[in-house]
Amino acid sequence: MPVITHIADLKRLYRRRVPRMFYDYAESGSWTEQTFRDNTSDFADMRLHQRVAVDIDERSTATHMVGQPVAMPVALAPVGLTGMQHADGEILAARAAEQFGVPFTLSTMSICSIEDVAAAVSAPFWFQLYVMRDEAFMERLIARAAAARCSALVLTLDLQVIGQRHKDLKNGLSAPPKLTLPVLADLALRWRWGLGMLRTPRRGFGNIVGHVEGVSDVSNLMAWVGEQFDPTLDWAKVRRIRELWSGPLILKGIMAPEDARLARDAGADAIVVSNHGGRQLDGALSAIRMLPAILDAVGDTLEVHLDSGIRSGQDVLKALALGAAGTYIGRAYIYGLGALGQAGVSRALEIIHKELDVTMGFCGERDVAGLGRHNLLLPADFASRWA
């Protein structure tokens with residue numbers, strides 16, 4: 001086993017162990033993938049302000065996200081098909097998050113169901129909701145999340161239509177995968193993955209199959225899903241969901257100051273500045289580039305979180321220093337899950353935490369609450385882009 005010191009180590013192992021279609025599903029964006037690349041490169045453009053001779057003993061990364069105590073301001077983002085990256089992937093990731101003390105967010109398009117995950121953990125988790133045309137199904141999903149004691153609802157707003165992801169189309173992405181000759185050849189090289197999938201009964205979309213009339217197996221599921229994402233989603237529907245959900249409501253996919261204000265007015269407790277990891281509108285600005293303008297628009301009237309592009313604890317620190325109250329990791333923990341299962345997710349969280357903690361020390365900070373613009377150096381040649 002190689003020594004794993006940063007997220008890139010997990011990614012290399014992940015690539016060897018997970019079938020190509022699911023690796024490509026995670027490690028890709030839409031169209032030219034410009035936004036997918038900018039999400040990480042814009043973090044890399046930011047520099048840190050080092051301080052010395054400051055008392056940095058007893059540092060703390062602990063804080064709160066939507067009122068929930070967290071060991072660090074990092075949640076596991078909702079990722080569809082997580083249970084195809086590793087058998088029972090959502091359960092394993094939720095257990096790792098519970099043990100570490102950070103939130104896990106279950107996707108509507110998960111392989112393990114809400115009930116599967118609830119039975120496997122003792123701490124409440126968050127549930128991510130896509131708006132579907134089938135309103136009765138939507139209401140049942142929300143009720144199931146409440147019955148499972150989910151402590152927050154994360155409503156994703158940027159999937160009214162699906163961005164074209166070339167790799168998914170070329171790979172014939174499906175869950176479970178269609179057993180064509182190229183797929184069989186690929187699976188033969190990923191025997192660990194295959195053995196795990198043979199041992200679990202969870203290989204379809206657990207939140208949907210058996211919960212929608214006429215959808216009893218994968219063959220009719222894909223047709224149903226393709227027709228269900230709701231292009232008529234508007235703020236009136238957001239307010240209706242606010243009425244149906246009594247707990248904290250987090251609106252994900254905010255990339256414009258005016259939408260941030262509308263989200264606040266619709267009753268959101270928090271928003272997530274996110275471009276869906278570069279998987280929807282290619283050519284949009286990176287999430288970290290949009291964060292300052294959105295913070296300026298809403299001030300401290302609601303929590304502003306950020307996802308898309310975070311691959312290290314230093315990225316987390318940069319987002320917090322710009323003003324985010326919390327962050328989300330998706331690909332970073334998926335690499336760990338695909339590489340080593342639950343232990344890999346735990347390792348990803350440990351890496352992110354150590355990088356955040358050590359970097360805080362170098363910046364002269366003892367608590368994440370003290371992070372701010374003073375911790376960043378934004379060179380004059382691009383400072384205006386972050387103003």
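The values are calculated or read from the model by the stated rules, or taken from the named source; none is laboratory data. All values reported here derive from a predicted model rather than from experimental measurement. Note: ideal-geometry Cβ built from the backbone for every residue, glycine included; neighbour counts use all protein chains shown. SASA here: full protein model, heavy atoms, side chains in, ligands and nucleic acids out. Shrake-Rupley method; radii C 1.70, N 1.55, O 1.52, S 1.80 Å.
For this structure, a couple of remarks:
- Share of carbon and sulfur in the accessible area of the chain stands at 54%, probe radius 1.4 Å.
- Built amide H within the under 5 Å cut-off of Ala152, gap 5+: Phe127
- ³J(HN,Hα) computed for each position of the range 294-310 - Karplus, 6.51 cos²θ - 1.76 cosθ + 1.60, integer Hz, glycine/proline x: 5, 4, 4, 6, 10, x, 9, 7, 7, 6, 10, 9, 9, 9, 5, x, 7
- Dipole of the chain, positive direction: furthest Cα of Ala26, Ala97, Val117, with charges on the beta-carbon: Ala26
- Label zone at Arg16, where the point sits 7 Å out along the Cα-to-Cβ direction: the range 331-360 residues whose backbone N lies under 16 Å: 335-341, 344
- Alpha-carbon spread of the chain, three principal axes, descending order, Å: 62, 52, 42
- Note, ³J(HN,Hα) from phi for the range 24-38, Karplus 6.51, -1.76, 1.60, rounded to Hz, x at Gly and Pro: 5, 4, 7, 9, 7, x, 8, 6, 7, 6, 4, 5, 4, 6, 4
- Folded to 0 to 90 degrees: helix 89-100 orientation relative to the chain principal axis, Cα: 30
- Just checking the listed ones, Asp57, Asp269, Asp282: in the Gaussian network model of the chain with Cα springs under 10 Å, the one fluctuating most is Asp57.
- Taking the Cα centre of the chain as reference, the dipole from Cβ charges on Lys and Arg (+1) and Asp and Glu (-1) amounts to some 1120 debye.
- Whole-Å semi-axes of the range 242-387's equivalent ellipsoid (Cα gyration tensor): 24, 21, 16
- When +1 charges are put on Lys and Arg Cβ atoms and -1 charges on Asp and Glu Cβ atoms, the dipole computed for the range 90-240 relative to its Cα centre reaches about 440 debye.
- Spin-label zone in the range 1-43 - amide nitrogen under 15 Å from a point set 7 Å from the Cα of Leu189 along the C-beta vector: 12-24
- Ala293/Ala143 FRET efficiency (R0 41 Å; Cβ-Cβ; nearest 0.05): 0.65
- Taking the alpha carbon gyration tensor of the range 162-286, multiplying each eigenvalue by 5 and rooting it gives semi-axes of 34, 20, 14 Å, largest first.
- A crude spin-label estimate for the pair Arg51 and Glu258, with each label 7 Å from Cα along the Cβ direction, gives 4.0 nm.
- Cα-based Rg / Dmax (Å) for the range 131-220: 16.6, 44
- Share, in percent, of DSSP beta bridges within the chain that are antiparallel, nearest 5: 20
- Inter-centroid distance (Cα atoms) of the range 246-287 relative to the range 310-366, Å: 21
- For the range 15-75, the direction-averaged projected area of the alpha-carbon convex hull comes to 8.2 nm².
- Approximate spin-label separation Ala71-Arg133, in nm, with each point projected 7 Å along Cα-to-Cβ: 4.4
- When only the Cβ of Lys, Arg, Asp and Glu is charged (+1, +1, -1, -1), the dipole of the range 1-135 relative to its Cα centre reaches about 500 debye.
- With each label modelled as a point 7 angstrom along the Cα→C-beta vector, the Ile162-Leu285 pair spans 3.0 nm.
- Whole-Hz ³J(HN,Hα) from phi, Karplus 6.51 cos²θ - 1.76 cosθ + 1.60, for the range 350-358, glycine and proline x: 4, 5, 4, 5, 4, 4, 5, 5, 5
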